[in-house]
Amino acid sequence: MDAPLHLTQSANGRVSGKPWKTHKSATVRSHLPAGVKTKNWEDRMEKTKKAQAIKKLQQELKDEKQAELQRRREATLERKKAAEEKRRLEEAKAKMGARKAARLRRKAGRTKKVNH
């Protein structure tokens, strides 16, 4: 027993006696984005800046589109209101005669709400 015992090449010299057990190794994370895999900080920051610029541009375009849709809605709503008011006035005109309408217009001109 003078000679040292030769150990098999493995982790800490131990080998499992179970042949179906596979040797564990470090996980290879291939699903990580390329920016995280690179070790260079400047490269990662450059990619981040590019992504932020693209995101900002997309947001601006989206806001522009939204503003255009809102402007169209407002214009359509104004047209509908004007048409409704015109239709209502036409109905009122048809109901009453011209003299009565003129008298009401004169009377409306005397009120404080209309004058000021």
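The values are calculated or read from the model by the stated rules, or taken from the named source; none is laboratory data. Keep in mind that this is a model prediction, so the values were computed, not measured. Glycine gets a Cβ as well: all are built from the backbone with ideal geometry, and neighbour counts include every protein chain shown. Note: areas computed on protein heavy atoms with side chains; ligands, DNA, RNA excluded. Shrake-Rupley method; radii C 1.70, N 1.55, O 1.52, S 1.80 Å.
How many residues, within segment 19-44, are of a type in the set (A, V, I, L, M) and open to solvent by 70 Å² or more (accessible area, probe 1.4 Å)? Show your work before the answer.
So in segment 19-44, the residues of a type in the set (A, V, I, L, M) come out as 26, 28, 32, 34, 36.
Filter once more, so that each one left must be open to solvent by 70 Å² or more (accessible area, probe 1.4 Å): 26, 28, 36.
Total satisfying the criteria: 3.
Considering only segment 1-17, state which residues are open to solvent by less than 100 Å² (accessible area, probe 1.4 Å), at pLDDT 70 or above and not hydroxyl-bearing (S, T, Y).
Across segment 1-17, the qualifying residues are A3, V15, G17.
Can you go through R105, R44 and tell me which one is touching a Ser or Thr at 6+ places or on another chain (Cβ under 9 Å) and assigned to a helix (DSSP H, G or I)? Before the answer, list the steps.
On the way: R105 fails: touching a Ser or Thr at 6+ places or on another chain (Cβ under 9 Å).
When all the criteria are applied, what remains is R44.
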